[in-house]
1. Among the residues of the stretch 121-169 satisfying the criterion of being touching a residue at least 12 places away in the same chain (Cβ under 8 Å) and hydroxyl-bearing (Ser, Thr, Tyr), which is surrounded by the most Cβ atoms within 10 Å (Cβ to Cβ)?
2. Taking ALA36 as the residue in question, decide whether it is within 21 Å of ALA161 (Cα to Cα) and in contact with a helix residue (DSSP H, G or I) (Cβ under 8 Å, 6 or more places away or on another chain).
3. Would you tally the residues in the stretch 32-45 being open to solvent by 40 Å² or more (accessible area, probe 1.4 Å) and either closer than 18 Å to LEU84 by Cβ or part of a loop (DSSP other than H, G, I, E, B) (or both)?
4. Taking the condition closer than 30 Å to GLY142 by Cβ, within 10 Å of the chain's Cα centre (by Cα) and modelled with pLDDT of 95 or more, does ILE83 pass?
5. Hey, can you tell me all the residues within the stretch 1-31 that are within 22 Å of ILE107 (Cα to Cα), open to solvent by 70 Å² or more (accessible area, probe 1.4 Å) and modelled with pLDDT of 95 or more?
6. If I ask for residues that are modelled with pLDDT of 95 or more and open to solvent by less than 40 Å² (accessible area, probe 1.4 Å), which ones from the stretch 61-78 would you list?
7. Being in a helix (DSSP H, G or I) and open to solvent by 50 Å² or more (accessible area, probe 1.4 Å), is that true of even one residue in the stretch 49-58?
8. Select from the stretch 22-69 the residues that are of a type in the set (Ser, Thr, Tyr) and more than 24 Å from ARG100 (Cα to Cα) and list them in ascending order.
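The values are calculated or read from the model by the stated rules, or taken from the named source; none is laboratory data. Note that this is a predicted model, so its numbers are computed, not measured. Cβ: placed from backbone, ideal geometry, glycine included. Neighbour counts: every protein chain shown. Heads up: the accessible areas ignore ligands, DNA and RNA and are worked out on the full protein's heavy atoms, side chains in. Shrake-Rupley method; radii C 1.70, N 1.55, O 1.52, S 1.80 Å.
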Amino acid sequence: MRIRVLGSAAGGGLPQWNCGCANCREVREGSTRIAARTQDSLAVSGDGQGWFLLNASPEIRQQIESFPPLHPSGPRHSPIRAILLTNGDLDHCLGLFSLRESSPLVIYATERVRQGLVESNTIFRTLQRFPGQVTWRLLKLGREEELAGLDGAPSGLSVLALPVPGKLP
């Protein structure tokens, strides 16, 4: 298994646009002690060819460009097989809009996350501009699910969705 950290900062990244804390100031001043970081996201692959993204941050384009295995190998191609959403926070799903460019998407999420995005938020309907553009694969809490892309081919990777206390999905 291969794992690449695409981003490791909390919502808003580092520096945050509205923060003047010591860390954010230090990044803005060009410190070599602390580096700018994009919002949290991971790329995971079982074979180094097909990749699954854990969340799609608003900086997803920058994150893809920073990691050559995520680059397309031809016109309208992507090695990204699916996106797994850990929750419905904007920090974790706004990048889906950058990935919508006439390419089918497979999105794994719990039913509550899918409902919150699709049924309770009309802007997410723009991800479904043509039939089959988005395929939702529901994750059942407490049940291990094998990951597959649009073609359904097994990836050798699986995910186990667990509820955690705190904020709504």
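1. Step by step, filter the stretch 121-169, then rank; the result is SER155.
2. So ALA36 does not fit the description; no.
3. 6
4. Numbers: closer than 30 Å to GLY142 by Cβ: yes; within 10 Å of the chain's Cα centre (by Cα): yes; modelled with pLDDT of 95 or more: yes.
For ILE83, the condition - closer than 30 Å to GLY142 by Cβ, within 10 Å of the chain's Cα centre (by Cα) and modelled with pLDDT of 95 or more - is met.
5. Listed by number, the residues that qualify are ARG2, ILE3, ARG4, VAL5.
6. Within the stretch 61-78, GLN63, ILE64, PHE67, LEU70 meet the criteria.
7. No, every residue in the stretch 49-58 fails to be in a helix (DSSP H, G or I) and open to solvent by 50 Å² or more (accessible area, probe 1.4 Å).
8. Correct list: SER31, THR32.
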